[in-house]
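Working notes, beginning with the structure itself.
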């Protein structure tokens, strides 16, 4: 790999960044892909890890493995501290690096509406560690309920509150319902796991706001069949170790629970604010960077911002949804644009998002999907969901193993990855 | 389950404790199985997790799942603080509990020959967290070497020292050799992973001391073919962040390395010392409890000590090996003895260990085995090893999935579970 080739630096190995690197396979460029983690994560299935259905390695693949045959790509495990747009340099924790073209695809993390102190009480779901932490909390609650003699405490232990009625919240609530009603039904001697309460709290009038109201209603029904109660217009006003306080209109209610899971707001990586400030534009409410129609940073045609970190509002006036297809389509577009420039061709037309639809799974054989304007629900929706997700898992081996694991889970409602792991002292700490 | 049935309390859900619980399936008893963890762990395959070949859930099964159909067993996630032999009570972190019969199978942990400060620098391999920590360190060393410009530092990063030449040490060293020579060979751009040095240090004259010298020699050769150098008569006298100091006879050598893995001594659970003191016997050098020929605690026929925690020296004068078959055979014996007593029958003959042999695997198609006095090596030994281990994995699903995962790894030399997980700040911390 000649060192005089143009140097493309990609920040982030998620769906967006990885798509750029892969699509540049045959381009005469040097690519450096920087990520804090050594793996690409298939985030849409993270809730399966949180519920013990899949192992982390089933939905994550080492970036080096995925890019093994891409001889023009170097993978670098490091963290970006700052970006020097004038000097075309990224400043990393352990080194600095110059670029000719920069692609920033650093994604989002959870946010707690100005209450960062809630994070320790109500973990979100963005990383493998988040997922194993959720798994630990969910399983420990049942373990502790089994030997709890105080009925009020037992009820609190068997109450699970999921905050946020988007796809992640719906999927999490559904899968906890399944654990309680099917998977673990025969595992305990003192408690009936089917008595567990799962509450899904949503601030707006509908869960799954991106779907038509009829599908949202359908999701509520399917959730109910798994013992999940949906509460809309419900705003969380406080999270404590022993419960959550929920405001519904004028009324306020304390719900005793020991397990609160966060699937509500997201905030862009701090790199968003940093870039926006450097070019004097205002980041949006979530900290995302408004980008040009060709996904470049205003005034910097050599810098692209894609995926969850970008606010692309040139199509219909609303930002594009923060989902994998958006990031992947943007990644492919940027790779094509880079190649056009190298060949001295005119730039391609502005980026255009193709909306193939949306879907959310609720449990075994339960889902809702909106594809090409058509609504699907129940078993058929679930099969579509399964097929599309399997086809999209990046790494071939993972796809096969996930298929086998799911086939097994489907036949047996088993969830064999129900391991409580993590800090050996964490159990004690949590109880204090 | 009538509450007037005799109450059998089992401490520890490893091979020993689980065998007792399973063998009492149809006995008219109440069984409580206590473990700090919610899962049974197939420890002999832990090194496969440490090297990214298997996921934790492939070799661990929730105890509740394993014992789901054992209606007379309650599983309790808790930790034993003390045992009151006179009052027949176990004192747990969160409650107390009386027993009629107690089985203590609390196992062993690593020990550092009086240097507990080495633990942070040289992790051992007993739990899932240990294995994912080892995996993190091994993979991070390669990641950092890829971008290290100082040749001496790079060499230190590409030097892996395994302390202890028993089966675990041999397996670990072999599997790191395989990672470097095969699996990750094409993953890096700046370093040749095949230049990695793997050192296996053993204090005694031979690795795999339980095997005949010819098989031990064979293991050294097979390790060499994976780039592993074995040093015998090598005593570790110090472990630092930047290397280990090794004494060989009069000579002392500093080996620069950033990755030291501990597979040397074991120490019994503190419950061993506690029980020994209570009955005024001397625990052995490793803290194990000398037991009677029927595996009872001296003077306490209602208390059994089995597995790694027991020193059973009534057969040949030497303690039995600390391996899964010992624990499982002892568990079965104790269950039979408990049932004989319930039926008012004479106690069975003293426990007798049946030694079916020993084996250690070194890499794909590489192993040594001693079965019924016959020696096997290489491919045949490996097939035997594979077959026996698969047949013994407790949980049926895991057996199938592990078989598939191994078949895949075998065909591709892939290790898809090469994830660096854990404390997000740990990477920074380790580098300080």
Look at the axis of the rotation that sends chain A onto chain B, then give the chain A residue with the nearest Cβ and the distance in whole Å.
A:55, 2
Between the helical axis of A:167-178 and the dominant principal axis of chain A, each derived from Cα atoms, what acute angle in degrees is found, rounded to the nearest 10?
30
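Ranking B:254, B:70 by Cβ neighbours within 10 Å, fewest first, what do you get?
B:254, B:70
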Rg(Cα) / (2.2 N^0.38 Å) computed for the protein assembly as shown, rounded to two decimals:
0.99
What whole number of Å gives the distance from the Cα centroid of segment B:240-263 to the Cα centroid of segment B:19-87?
37
Measure off 7 Å from each Cα along the Cα-to-Cβ vector at residue B:388 and residue B:25, then give the distance between these two points in nanometres to one decimal.
2.5
Where the label is 7 Å out from Cα toward Cβ, how close does residue A:353 come to the same position in every other copy, in nm, shortest first?
6.5
Taking chain B as the reference, fit the longest principal axis to its C-alpha atoms, fit the long axis of helix B:128-146 to the helix C-alpha atoms, and give the angle between the two in degrees, 0 to 90, nearest 10.
0
Most exposed to least, judged by fewest other Cβ atoms within 10 Å, B:76, A:419 sort to B:76, A:419
Taking the beta-carbon count within 10 Å as an exposure proxy, list A:304, B:312 from fewest neighbours to most.
B:312, A:304
Principal axis dimensions, largest first and in whole angstrom, of segment A:64-208 by Cα
64, 37, 28
Antiparallel DSSP bridges in chain A: what percent, to the nearest 5?
55
For the protein assembly as shown, give me the percentage of DSSP beta bridges that are antiparallel, rounded to the nearest 5 percent.
55
Percent of Cα-Cα pairs more than 20 Å apart in segment A:301-377, please.
45
Of every Cα-Cα pair in chain A, the percent that sits beyond 38 Å
24
Once both axes come from the Cα atoms, what is the angle between helix B:396-412 and the longest principal axis of chain B, in degrees from 0 to 90, rounded to 10?
10
If you put a point 7 Å past Cα along the Cβ direction, how far is that point for residue A:28 from the same point in each other copy, in nm, smallest first?
8.9
Relative pair counts by distance (%), Cα atoms of segment A:1-153, 10 Å bins:
10, 31, 29, 17, 8, 4, 1, 0
Need the C-alpha centroid separation for segment A:215-230 versus segment A:295-318, integer Å.
36
Ellipticity estimate at 222 nm from DSSP helix runs (n ≥ 4, -39,500 (n - 2.57)) divided over the protein assembly as shown, nearest 500:
-9500 deg cm²/dmol
Calculate, for residue A:277 and residue A:221, the FRET efficiency according to 1/(1 + (r/R0)^6) with r their C-beta to C-beta distance and R0 51 Å; round to the nearest 0.05.
0.65
Please report the projected area of segment B:34-73's Cα convex hull averaged over all directions, in nm².
3.2
Output the Cα-based Rg and Dmax of segment A:237-309 in Å, rounding Rg to one decimal and Dmax to a whole number.
18.7, 53
Rg to Rh ratio, segment A:240-397, alpha-carbon atoms and Kirkwood radius?
1.07
What do you get for Rg/Rh of segment B:155-288 when both radii come from the Cα atoms and Rh is the Kirkwood radius?
1.08
So for segment A:39-129, using the alpha carbon gyration tensor with a ≥ b ≥ c as root eigenvalues (a/c under 1.5 gives rounded; past that, a/b versus b/c decides prolate or oblate), I'd call it oblate
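Only the coordinates and a few stated rules stand behind these numbers; no lab work does. Keep in mind that what you see is a predicted model, and the values were worked out from it rather than measured. Cβ atoms come from the backbone with ideal geometry, glycine included; neighbour counts cover every protein chain shown.
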